[in-house]
Each structure stands twice: as C-alpha cells, then as structure tokens.
Amino acid sequence: MSVPTAALTVRKTIDVACSVEQAFETFTTGIARWWPLATHSVGDERARTAVFEAGVGGRIYEIWDDGSEHEWGSVTVWEPSSRVVFSWSPNPDREAATEVEVRFVSEGDGARVDLEHRGWERLGEEGPSVRKSYETGWDAVLGRFCSAG
Amino acid sequence: MVTYEAAIDALGDPTRRAIVERLRRGPSAVGELARGLPVSRPAVSQHLRVLREAGLVADEPAGARRIYRLDPAGIAALRDYFESFWTDVLDDFKAAAETAAAPTTEEERA
C-alpha cells in the first residue's frame with residue numbers, strides 16, 4: 001500500500017493573543033527572544049542565540065559560544081505580517097532543505113498562526129530537481145535531529 | 001518498541017531512502033527493488049532488515065518470496081515526532097508573542 005503525501009505533511013495551528021504584526025515580528029526577527037535553543041538547536045548547550053534576517057534571502061542561523069554561525073535556512077517568501085516561507089536545513093554541513101511556511105491571520109483581537117513543514121516526507125515526489133532537493137533535505141533535517149537527540 | 005530515533009537513523013542512508021521511495025509506489029519483492037538500485041540484492045536485503053527493525057517497512061510471505069511494503073505505523077511515528085517538535089516550538093513562540101505585546105500596552109497607559 002502507498003502512503004499518501006498529505007498524511008505525512010506536518011501542519012500546526014496556534015492562536016495567539018496579539019496582533020498579526022506582533023506575531024510576525026516575534027516569529028521572525030524576534031526569534032532570539034523565544035526559540036528553545038537548549039532543545040532545538042544544532043549546538044545544544046553551545047548555542048547562544050538565533051538570528052532571523054528580514055526579507056527574501058535573509059539568513060536564519062544560530063550563533064555558538066565561540067561566535068561561529070550555524071545556518072538553519074533562508075527566507076524564500078517575505079510578506080510582512082502575513083506570510084513567511086523559508087528553507088529549513090539546520091545541519092550546516094548540508095545545502096538543500098525542507099521547507100516551512102508560516103501564515104499569520106487576523107482573528108478577532110488576536111491572530112491565528114498556521115505552520116506547515118513539508119519536504120521531509122516527499123520521498124515520492126516526481127521531478128528530478130525536486131527529488132534531488134528533497135533527498136538532500138532528508139540528510140539535512142535528519143542529521144540535525146539526530147545531533148539534537 | 002520502535003522509536004522515531006530508529007526511523008531517523010534508518011533514513012540517514014541514501015539507499016534506504018531510495019527503497020522507501022520505491023515502496024511508496026506499492027509493495028515490492030527484493031528482486032524488483034534491487035533491479036532499480038545500484039546495489040546488490042544482498043545489500044538491498046540488508047537495508048530492508050534495517051528498515052523493518054526501525055518499523056518503517058513490514059513484510060509478508062507470498063509463495064516463495066517475501067513482499068515488502070511501508071508500515072504506516074512506523075511512518076506515523078516519524079511524523080508524530082516532527083509534530084511534537086513544532087508543538088514545542090509554537091508553545092514557546094506563543095508565550096513570547098503575547099509577552100512582547102504586553103509592554104506596548106503599559107507604555108500606552110503611561
């Protein structure tokens with residue numbers, strides 16, 4: 001039997017009691033204030049802070065205690081207060097990546113944040129460039145999670 | 001019990017990822033898998049053993065052969081791990097976004 005791609009994509013939704021502007025800023029350029037580096041980083045206890053640069057092409061990386069930078073990915077879509085898409089390859093030894101899309105939607109006094117993590121599961125995708133990218137993406141994301149474990 | 005660590009470790013090898021990719025199209029025997037891969041049949045068998053022990057692949061006899069297929073439970077366990085990863089991250093994000101919103105309100109009051 002085959003396993004449908006839809007069953008493997010990770011989608012998360014969370015409601016936050018703040019404006020979409022605040023939510024977007026916090027998630028992106030404000031990442032150093034909250035990202036759980038101790039458990040979700042390449043360097044574990046060596047990781048000191050995280051950086052999320054604004055704009056398409058902006059780099060996302062962590063900085064270690066020795067000042068070295070370890071890249072997680074880079075921004076591919078930048079729509080302030082609305083949507084951000086970034087490649088996600090937290091293993092600095094690899095280049096290609098999985099993909100994360102985050103949408104910010106106004107809801108009443110607050111905001112709804114929808115996150116989709118895709119690519120890591122797309123082993124069956126057709127198309128050589130896509131497949132090559134995602135196969136390397138597995139290496140990247142899995143290498144990262146192995147080291148984090 | 002099979003864990004996501006075992007699944008992640010098993011998928012750290014490109015040949016095993018290629019096997020999983022093939023099996024996503026449907027069940028297959030070792031010989032069929034080996035024909036599409038640049039590795040020997042015994043090597044494919046070895047990789048299938050690793051994938052089976054990791055819970056990603058199941059097998060059953062079909063006459064003189066064994067047919068291999070993806071094990072939805074193992075795939076689901078891996079997916080659950082990624083789900084858990086983002087749940088943790090978003091919880092911390094929510095707390096920070098709402099905390100960051102608070103000082104603005106106090107400044108407005110001052």
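Just a few scattered comments:
- Count of the range A:51-63 residues which are assigned to a strand (DSSP E or B) and either out of contact with any helix residue (DSSP H, G or I) (no Cβ under 6 Å at 6 or more places or on another chain) or closer than 10 Å to A:S41 by Cα (or both): 6
- Each residue in the range B:8-31 was checked for being closer than 15 Å to B:L70 by Cβ, within 10 Å of the chain's Cα centre (by Cα) and within 8 Å of chain A (Cβ to nearest Cβ), and 3 pass.
- Residues that are among the basic types (K, R), free of Cβ contacts under 8 Å to residues at least 24 places away in the same chain and within 23 Å of A:T9 (Cα to Cα), drawn from the range B:27-74: B:R52
- Subset of the range A:20-33 (residues that are within 7 Å of chain B (Cβ to nearest Cβ) and either in contact (Cβ under 8 Å) with a residue 40 or more places away in the chain or surrounded by 21 or more Cβ atoms within 10 Å (Cβ to Cβ) (or both)): A:Q22, A:A23, A:T26, A:F27
- Condition met for B:A96 (part of a helix (DSSP H, G or I) and at pLDDT 85 or above): yes
- Taking the range B:4-59 as the region of interest, the helices (runs of 4 or more DSSP H) fully inside it that hold 3 or more residues being surrounded by fewer than 17 Cβ atoms within 10 Å (Cβ to Cβ) are B:30-35, B:41-53.
- Condition met for A:E45 (more than 12 Å from chain B (Cβ to nearest Cβ) and either farther than 24 Å from B:S84 by Cβ or at pLDDT below 95 (or both)): yes
The values are calculated or read from the model by the stated rules, or taken from the named source; none is laboratory data. Predicted, not measured: the structure shown is a model, and the values here were computed from it. Every residue, glycine as well, gets a Cβ built from its backbone with ideal geometry; the counts of neighbours run over all protein chains shown.
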